[in-house]
Structure formats: structure tokens, C-alpha cells
């Protein structure tokens, strides 16, 4: 079994770079990838005209299986979100989801890896300093919520 035979089907169908050995056999070769990144296949193009390209993807990215981008510049990387789950009947305008994000083709703060903060579907992005400040604010808010909750009377225990 060759290396290409062990790849998942979606990867095995993608054009894989190879070189021919002196014996005439194909040897799979991948470009070197920076530490903390991996090479993944990504579908790019319109339906019916999509091609697979290989993108350098940060290890924290959830991946791109099933995604299709209109152009290579549209490829974005999203980390697994941290979600604040409130009861379904609660309407809140508070940070409900944060994740690592990176839009390499962007021309703003998202052109570098950043923290995406989703507040009612309005997403703002922050670099390391801003993200750490937000983390401190969320921790302080959580401590305030706990302090207030501890002043509430205990619920009656029912059998």
C-alpha cells in the first residue's frame, strides 16, 4: 500500500504533487509546511468548474471539508468556537461566540490570525492584545455574575 492509498478519499482524488524516481515510479512529495500548519485540499471555483488546491492551514483550523470558495483569496480559517449558551428564551447582546479566525486575502485586521467575537451575528476581530483584554473583561464579568448569584436565596428543594 502506497502513501497515496492510505489518504482519505477526498484527499486521494485531489491532484497530489509527485516526482518520478530513477526507477520510474511515482513518489508522493508534499511541499514543506511551516511548523503549526498542515497542507489540506480546498475546493475553489464555481459549481461545475471547481478545482482542488492545496492550502497551508493552521493546526487550530477546523478544516475545509465540504467548503467551496469562489477564489483562493476567499479561503478563510476558522477555529472551534467557544460558545456561551443561554436559555433559548433569553435575548442577549453579549459575546456569545468567540473563535480563532484568519482571512489571508483580507486587507484589514483579519489578514492576520485574530480572535473573532460574534455578538448577535455582528463579528468583530481583535489581535492578541485586544483579545487578551476581552478575556480579562469576560473573566471579570463572570466573577460579577457569580458574586451576584451567590447573594440570591437558595432554591427550595422539592422531593
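The values are calculated or read from the model by the stated rules, or taken from the named source; none is laboratory data. Since we're looking at a predicted model, the values are computed, not measured. All Cβ positions, glycine included, derive from the backbone under ideal geometry; neighbour counts span all protein chains shown.
All of 104, 113 fail the test of being surrounded by 14 or more Cβ atoms within 10 Å (Cβ to Cβ) and either touching a helix residue (DSSP H, G or I) at 6+ places or on another chain (Cβ under 7 Å) or at pLDDT below 85 (or both), apart from 104. Close contacts from region 64-87, counting a first residue that is assigned by TED's automatic domain parsing to the domain that holds residue 41 and a second that is in a strand (DSSP E or B) and surrounded by fewer than 12 Cβ atoms within 10 Å (Cβ to Cβ), with Cβ to Cβ under 9 Å and a gap of 6+ residues or different chains, come to none at all. For residue 140, are the conditions met, namely being touching a strand residue (DSSP E or B) at 6+ places or on another chain (Cβ under 6 Å) and more than 15 Å from residue 75 (Cα to Cα)? Judged against the criteria, residue 140 is not a match.
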